[in-house]
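Okay, so here's the structure we're looking at.
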Amino acid sequence: MNEEFKIPSFMRQIVILAVVLVAFLGMKYSSEILGPIFLSIFISIIIYPFLIWLTKKGLSYNLSVLVTLVGTLALGAAIIGFLVSTLAQLVKALPNLTINPSGFLAQYGNEIIKFIVDHIPVSDSAGLIAIGTFLLFSVIFLVYELPQIRTRLIKGFGADSPTLNKTFELVQDTVEYFIIRAKVNFFYGIAVSAILFVFDINFALLWGLLTFVLGFIPYIGIIIAAIPPVLVAWAKYGIVGAIIMGLFFIIINTVAESIIFPRLTGKGLQMSVYVVFVSLFVWGWVLGPTGFLIGVPLTLIVIRYLENFEETRWLASLMTSNEEEDNKKKND
């Protein structure tokens, strides 16, 4: 009579997975709000190490905060201004962007251009300014609050809290991943802009910035970023120009992902290729375009959540990759 009632193991698995599913559905129906909020959180986490770096260089904490916030405001305003002015010029130029109908596969190229023009709202400057302004000030306020949030968490959970320590480790892993990814993407953007300048492709800086942003989407981001420059090269130089431009993107992608990225990080995403690929579309469905950009760290969060429960630890192991451990064993 005094025995404790224990929930069967399979029922606990169902409950935990049900919580994950309900959370996904809740985020899906509030994606218009959550998307920009999540994006601002991740941008803030990336910027925060710069503040810490300034303090280590000898600046006072208050001065480091001021420099970081002013720098973020200036950079964000410059990017928003650049996008608004450049997209306005792009909207004017799009009607004249056509591929010579007599060229090889020109019909398909013009259909792709028409699809992009009809389905991507590049002329929505007001929406861009609104979202950009929200992100900018959200990032500024959150960067200012981050140290206090950390202090409050430690005070509330205790410095020895396993849950809190795991959270800090996850944040650190996310910061490291995004910083390394940003360095690689910076190489992408500079290389693409330089090549486009050489070949006199219009809006070279815009395509370079697009490459930098879409580089955060594993596997398919660079492919998407290559489409506009390839189409412009096709319209300007014919199918041969499009092929050459496509080859340049392949070379840049190979150098960045096979040489630069492995040298900057001693570990990979620790997720199977299939999980990374599928997670992009799952988070894209849940959060819209923002989900593609931050799908990898969000999936890591889900994996860490599943690792906390014995009943779902097998599922977390299934989603991770042990390639590094396997390689170490082979080398030994």
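Readers should treat all values here as calculations from the given coordinates under stated rules, not as data from a laboratory. Note that the structure is a prediction, hence the values are computed from the model and not measured. Cβ atoms come from the backbone with ideal geometry, glycine included; neighbour counts cover every protein chain shown.
Based on the alpha-carbon set only, what is the convex hull volume of the chain divided per residue, in Å³?
Numbers: hull volume 66.4 nm³, N = 332.
It comes to 200 Å³ per residue, whole-number rounded.
For Thr254 and Phe115, FRET efficiency with R0 = 41 Å and r from the beta-carbon atoms, rounded to 0.05? Between Phe115 and Thr254 the formula returns 0.90.
A DSSP coil position with no more than 15 other Cβ atoms inside 10 Å describes the following chymotrypsin sites (Phe, Trp or Tyr not before Pro) in region 149-253: Tyr219. Taking the Cα of Phe137, stepping 7 Å toward and past its beta carbon, and measuring to each backbone N in region 49-83: which are under 14 Å? Within reach of a label on Phe137: 73, 77.
Exposed loop sites here mean trypsin sites (Lys or Arg not before Pro) with a DSSP loop assignment and at most 16 other beta-carbon atoms within 10 Å; the chain contains its longest site-free run at 58-266.
In the chain, what is the count of Lys pairs whose alpha carbons are under 24 Å apart, counting only pairs at least 8 residues apart or on separate chains? Total qualifying Lys-Lys pairs in the chain comes to 11.
For Asp200, Asp160, what ranking results if the residue with the fewest other Cβ atoms within 10 Å of its Cβ goes first? Let's see the in-between values first.
On the way: Asp200 11, Asp160 8.
With the fewest neighbours first, Asp200, Asp160 line up as Asp160, Asp200.
Assuming R0 = 25 Å, can you tell me the calculated FRET efficiency for the pair Glu169 and Ser30, based on Cβ-Cβ distance, to the nearest 0.05?
On the way: r = 28 Å, r/R0 = 1.11.
Once the sixth-power term is evaluated, E becomes 0.35.
From helices alone, the chain scores -27000 deg cm²/dmol at 222 nm; the rule is -39500 (n - 2.57) for each run of n ≥ 4 DSSP H residues, then divide by the residue total. For the pair Phe281 and Lys183, label points projected 7 Å from Cα toward Cβ lie 3.3 nm apart.
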